[in-house]
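Please read the structure below before turning to the comments.
The values are calculated or read from the model by the stated rules, or taken from the named source; none is laboratory data. Bear in mind the structure is a predicted one, so any value in this text is a computation, not a measurement. No Cβ is skipped: glycine too gets one built from the backbone with ideal geometry, and neighbour counts run over all protein chains shown. Please note that ligands, DNA and RNA were not included when accessible areas were found on the heavy atoms of the full protein model with its side chains. Shrake-Rupley method; radii C 1.70, N 1.55, O 1.52, S 1.80 Å.
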Amino acid sequence: MGNTGQRLYDRARKRIPGATQLLSKRAEMFLPGQWPSYYSRARGVEIWDLDGEKYVDMAYSGIGACILGYADPDVDSAVQEAVRAGTSTTLNCPEEVELADLLCELHPWAEMVRYARTGGEAMAMAVRVARAKTGRDKLAFCGYHGWHDWYLAANLGENDALVGHLLPGLAPAGVPAGLRGTAFPFHYNNVAKLEEIASRNELAAIVMEPIRSQEPEPGFLEGVRDASRRNGAVLIFDEISSGWRLNTGGAHLLYGVRPDMAVFAKALSNGYPMAAIIGVGDVMQAFQSTFVSSTYWTEKIGPVAALATIRKHRRFDVPKHLVHMGNLVKAGWRKAAERTGLRIKVGGIPPMASLTFDYPNGQEARTLLTQLMLDQRFLAAGAFYASYSHQLHHVENYLRAVEEAFAVVAAAIEANDVQRLLKGPVAHAGFYRLA
Ligand SMILES: Cc1ncc(COP(=O)(O)O)c(C=O)c1O
């Protein structure tokens, strides 16, 4: 195995603060010093690194963006046609209206749509509009919603001693101290905490993912909906990661609870930059009362990619496939752990399954797993994000390699030997997602 990618990564660290634009794509998150880091091309579930080595991606499928697989032929040919037609002009592209109609058809409660190109900015827009609509500043939230000031304000804490306490890994340096006390967190399935926040504050919005790592308890989402109505707060569902995985559209459709706004990005357009904010007309009209506007929100590739992705998604019942693959992987992890005597925790909805080693040195064990799997030409970490391109043979080959790797990890834990087997440092743990 060459290490051209790692050498480039070392160079990038000097040139690009943090080496990459997304925390979740840092080599340190996977296998410090050894991760291939860069790709030369990708197709389906296969990725070639800069030395021409081929890996099967059984990790994050483009950090959840490439739900159909890499370089999907249908989406790519629609995009290529858009490129030939010209992607940015003085006039607008008609596809953004077509996409708005389709999103409202899929979500009959929604009447209007606005666009952005990334998840975090779309969330910031939704929050701005909720504040504009209500004339209020404060927010209650659960989960991760991006890098913007409104969200990181939660990490300002009540005083300087508490800075960064709440969501470790999300440092709020540079966020105006004046935002202290504007974002109040609650845990998923804890409606009592939300009600307590709502009883003390007039909220502009309640912001959350409808589902992430655990199922909603009976009455939870309904309780959130009631709390938002009683408080006069806009209910915003962040469907950036949950959307398009369990059904064609937002996961909230499965639970029968309607938000006032919902936000999509990532899987919406199979890896091409695109984000959408949908909402009831009454709230969305508040976009007219505040300034929210950007040149590249008008280009053509995003809407074209989203239309092609959604149509294929619907035609082939992609979610059924994702759930099936995810369930196979989850069951395979459990079986391999049982056979090798490892203690693991398996979580997440099937298309975004997560795996942790239930030991004090669990992160060391996870790093060793990634190292062993890389030797077998799999990109593998503490999660499996399914794509439509994952087939049974990928899963079977992967699970065979997982069982062999688990046996090595189990023996190493038993012998207190994990560190010694690692060829580099332990992977970083990322940030804490309040869920
Ligand atoms: C639930 C959720 N919200 C917001 C974001 C931020 O989206 P982006 O990385 O496109 O800015 C993410 C990304 O992981 C997410 O999972």
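Test Ala305 against the criterion of being buried (at least 23 other Cβ atoms within 10 Å of the Cβ), among the aliphatic types (A, V, I, L, M), farther than 22 Å from Gly143 by Cβ and modelled with pLDDT of 95 or more, and give yes or no. Spell out how you get there, then give the answer.
On the way: buried (at least 23 other Cβ atoms within 10 Å of the Cβ): yes; among the aliphatic types (A, V, I, L, M): yes; farther than 22 Å from Gly143 by Cβ: yes; modelled with pLDDT of 95 or more: yes.
Judged against the criteria, Ala305 is a match.
Given the residues Val346, Val263, which is the only one that is in a strand (DSSP E or B) and free of Cβ contacts under 8 Å to residues at least 40 places away in the same chain? Full working, then the answer.
Numbers: Val263 fails: free of Cβ contacts under 8 Å to residues at least 40 places away in the same chain.
Just one listed residue meets the conditions, Val346.
Inspect all residues belonging to region 148-165 and state whether any of them is in contact (Cβ under 8 Å) with a residue 60 or more places away in the chain and aliphatic (A, V, I, L, M).
Keep residues of region 148-165 that are in contact (Cβ under 8 Å) with a residue 60 or more places away in the chain, which gives none.
Among the residues of region 148-165, not one is in contact (Cβ under 8 Å) with a residue 60 or more places away in the chain and aliphatic (A, V, I, L, M), which makes the answer no.
Mind counting the residues in region 223-278 that are surrounded by fewer than 24 Cβ atoms within 10 Å (Cβ to Cβ), farther than 24 Å from Ile67 by Cα and among the aliphatic types (A, V, I, L, M)?
Going through region 223-278 one residue at a time, the tally reaches 2.
Are there any pairs, at least 6 apart or on different chains, whose C-beta atoms fall under 7 Å, with the first in region 287-310 and among the acidic types (Asp, Glu) and the second modelled with pLDDT of 95 or more and not in a helix (DSSP H, G or I), and if so, which?
Pairs found: Glu299/Thr87; Glu299/Ser88.
Please enumerate the residues belonging to region 367-397 that are within 29 Å of Lys320 (Cβ to Cβ) and assigned to a helix (DSSP H, G or I). Step through it out loud before you land on a result.
Initially, region 367-397 is screened for residues within 29 Å of Lys320 (Cβ to Cβ), giving 369, 373, 376-397.
Leu369, Met373, Leu392, His393, His394, Val395, Glu396, Asn397, listed by residue number.
Within region 51-82, can you find the residues that are more than 26 Å from the chain's Cα centre (by Cα) and farther than 26 Å from Thr248 by Cβ?
Selection gives Asp51, Gly52, Glu53.
Picking from Ala353, Ala386, Ala336, which residue would you name as being in contact (Cβ under 8 Å) with a residue 40 or more places away in the chain, open to solvent by less than 10 Å² (accessible area, probe 1.4 Å), under 30 Å from His313 (Cβ atoms) and not hydroxyl-bearing (Ser, Thr, Tyr)?
Working: Ala353 fails: in contact (Cβ under 8 Å) with a residue 40 or more places away in the chain; Ala336 fails: under 30 Å from His313 (Cβ atoms).
Checking each option against the conditions leaves just Ala386.
Being surrounded by fewer than 18 Cβ atoms within 10 Å (Cβ to Cβ) and under 24 Å from Ser24 (Cα atoms) narrows it down to one of Asp358, Asp417, so name that one. Lay out the reasoning, then the answer.
Details: Asp417 fails: under 24 Å from Ser24 (Cα atoms).
None of the other options fit; the residue is Asp358.
Name, by its number, the condition in (1) over 30 Å from Glu95 (Cα atoms); (2) open to solvent by 30 Å² or more (accessible area, probe 1.4 Å) that does not hold for Thr298.
Single failed check for Thr298: (1).
From the list Ser61, Ser37, which one is within 16 Å of the ligand (Cβ to nearest atom), surrounded by 15 or more Cβ atoms within 10 Å (Cβ to Cβ), in a loop (DSSP other than H, G, I, E, B) and among the polar types (S, T, N, Q)? Talk me through it step by step, then tell me what you get.
Details: Ser37 fails: within 16 Å of the ligand (Cβ to nearest atom).
Of the residues listed, the single one that is within 16 Å of the ligand (Cβ to nearest atom), surrounded by 15 or more Cβ atoms within 10 Å (Cβ to Cβ), in a loop (DSSP other than H, G, I, E, B) and among the polar types (S, T, N, Q) is Ser61.
Yes or no, residue by residue, for (1) of a type in the set (A, V, I, L, M, F, W, C); (2) over 25 Å from Asn247 (Cβ atoms); (3) within 22 Å of the chain's Cα centre (by Cα):
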site: Phe186; (1), (2), (3): yes, yes, yes
site: Asn189; (1), (2), (3): no, no, yes
site: Glu196; (1), (2), (3): no, yes, no
site: Arg200; (1), (2), (3): no, yes, no
site: Leu203; (1), (2), (3): yes, yes, no
site: Ile206; (1), (2), (3): yes, no, yes
site: Pro210; (1), (2), (3): no, no, yes
site: Pro218; (1), (2), (3): no, no, no
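Take residues that are under 24 Å from Ala65 (Cα atoms) and either more than 16 Å from the ligand (Cβ to nearest atom) or open to solvent by 70 Å² or more (accessible area, probe 1.4 Å) (or both) and tell me which of the helices (runs of 4 or more DSSP H) falling wholly in region 76-190 contain 3 or more.
Values: elements: 95-106, 119-134, 149-152.
Counting at least 3 such residues, we get 95-106.
State which residue is farthest from the ligand (Cβ to nearest atom) when the search covers only region 241-253 and only residues that are in contact with a Lys or Arg (Cβ under 9 Å, 6 or more places away or on another chain) and of a type in the set (S, T, N, Q).
Thr248
Considering Glu215, Glu202, which residue is touching a Gly at 6+ places or on another chain (Cβ under 9 Å) and away from the ligand (no atom under 15 Å from the Cβ)? Working first, answer last.
Working: Glu215 fails: touching a Gly at 6+ places or on another chain (Cβ under 9 Å).
Of the residues listed, the single one that is touching a Gly at 6+ places or on another chain (Cβ under 9 Å) and away from the ligand (no atom under 15 Å from the Cβ) is Glu202.
From the list Gly281, Gly256, Gly271, which one is more than 16 Å from the ligand (Cβ to nearest atom) and on the phi > 0 side of the Ramachandran plot?
Values: Gly281 fails: on the phi > 0 side of the Ramachandran plot; Gly271 fails: more than 16 Å from the ligand (Cβ to nearest atom).
Going through Gly281, Gly256, Gly271 in turn, the sole match is Gly256.
Filter region 86-116 for residues that are of a type in the set (A, V, I, L, M, F, W, C) and in contact with a Lys or Arg (Cβ under 7 Å, 6 or more places away or on another chain); which is farthest from Ala308 (Cα to Cα)? Outline the logic, then answer.
Restricting attention to region 86-116, the residues satisfying the condition of being of a type in the set (A, V, I, L, M, F, W, C) are 91, 93, 97, 99-100, 102-104, 106, 109-110, 112-113, 116.
Still in the running and in contact with a Lys or Arg (Cβ under 7 Å, 6 or more places away or on another chain): 93, 109.
Values: Cys93: 15, Trp109: 23 Å.
Once the filter is applied, the top-ranked residue is Trp109.
Among the residues of region 314-327, is there at least one that is under 30 Å from Ala100 (Cα atoms), among the aromatic types (Phe, Trp, Tyr) and either at pLDDT 95 or above or part of a helix (DSSP H, G or I) (or both)?
For region 314-327, residues under 30 Å from Ala100 (Cα atoms), among the aromatic types (Phe, Trp, Tyr) and either at pLDDT 95 or above or part of a helix (DSSP H, G or I) (or both): present.
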